[in-house]
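Read through the structure below, which is laid out as structure tokens, and then see the notes.
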Amino acid sequence: MSVADRGSGTRAHRPEREGRRLALSAIFEADFGQRTAARALERRLEEEGTGPDAARHARDLVDAVGRHRVAIDARIEAAAPAWPVVQLARIDRALLRSAMGELLHCPTTPARVAISEWVELARTYSGEPARRLLNGVLGRVEAAEQGADAPDRHHRKEPR
């Protein structure tokens with residue numbers, strides 16, 4: 001493993017990690033109302049020359065948040081009623097929406113991996129309070145999904 005790979009997980013997860021970062025950036029930018037997250041993402045992908053796997057993951061996340069934002073916001077507020085979504089800092093709102101989009105609507109990502117990755121992004125881009133908030137909200141939502149009687153990705157076995 002090279003020095004550049006240390007602390008960033010295996011090489012197999014780097015495209016997904018890059019996709020998460022790009023999706024977060026686009027969703028955050030869209031919260032300012034100048035352009036849609038999809039347009040912001042495409043501009044960023046073009047500027048950065050992103051690889052196809054990272055671009056695909058970023059597009060999947062942006063699409064999931066765009067299509068399910070109202071439901072995602074409702075789930076966030078149900079899991080953290082003391083933290084209304086509209087009152088969160090924009091970066092924290094983008095982190096939560098992005099993380100929930102992946103947790104609930106990207107079936108190829110194991111829940112444990114999604115939670116861990118987004119908690120780490122919260123630590124990097126916002127700080128310890130956001131990390132704790134994300135960890136709590138995502139943990140509650142995943143526990144509720146595991147308890148739900150639905151034959152979807154949340155009842156899948158983690159890859160070994």
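The values are calculated or read from the model by the stated rules, or taken from the named source; none is laboratory data. As the structure is a prediction and not an experimental result, all values here were calculated from the model. Here the Cβ positions follow ideal geometry from the backbone for every residue, glycine too, while neighbour counts run over all protein chains shown.
Run down Arg140, Arg90, Arg112 and say which single residue is within 13 Å of the chain's Cα centre (by Cα) and not aliphatic (A, V, I, L, M).
Values: Arg140 fails: within 13 Å of the chain's Cα centre (by Cα); Arg90 fails: within 13 Å of the chain's Cα centre (by Cα).
Residue meeting the stated conditions: Arg112.
Restricting the first residue to segment 27-56 and requiring it to be free of Cβ contacts under 8 Å to residues at least 24 places away in the same chain, which pairs with a second residue that is not aliphatic (A, V, I, L, M) and not in a helix (DSSP H, G or I) meet a Cβ separation below 6 Å and a spacing of at least six or different chains?
Close Cβ pairs (under 6 Å, with a partner that is not aliphatic (A, V, I, L, M) and not in a helix (DSSP H, G or I)) amount to Ala30/Thr36.
Go through segment 33-43 and give me each residue that's at pLDDT 95 or above and either among the acidic types (Asp, Glu) or not in a helix (DSSP H, G or I) (or both).
Hits for segment 33-43 are Thr36, Glu42.
What about Arg153, is it surrounded by fewer than 17 Cβ atoms within 10 Å (Cβ to Cβ) and modelled with pLDDT of 95 or more?
Against the criterion (surrounded by fewer than 17 Cβ atoms within 10 Å (Cβ to Cβ) and modelled with pLDDT of 95 or more), Arg153 does not qualify.
Find the helices (runs of 4 or more DSSP H) located wholly in segment 44-143 whose residues include 3 or more that are surrounded by fewer than 19 Cβ atoms within 10 Å (Cβ to Cβ) and hydroxyl-bearing (Ser, Thr, Tyr), and list them.
Here the list reads 111-125.
Starting from segment 121-145, keep only residues that are over 18 Å from Pro84 (Cα atoms), then list their pairs with residues that are exposed (fewer than 14 other Cβ atoms within 10 Å of the Cβ) and not charged (D, E, K, R) whose Cβ atoms are within a distance under 9 Å, requiring at least 6 positions of separation or different chains.
Taking only residues 6 or more apart or on different chains, the pairs are Ala144/Ala78; Glu145/His155.
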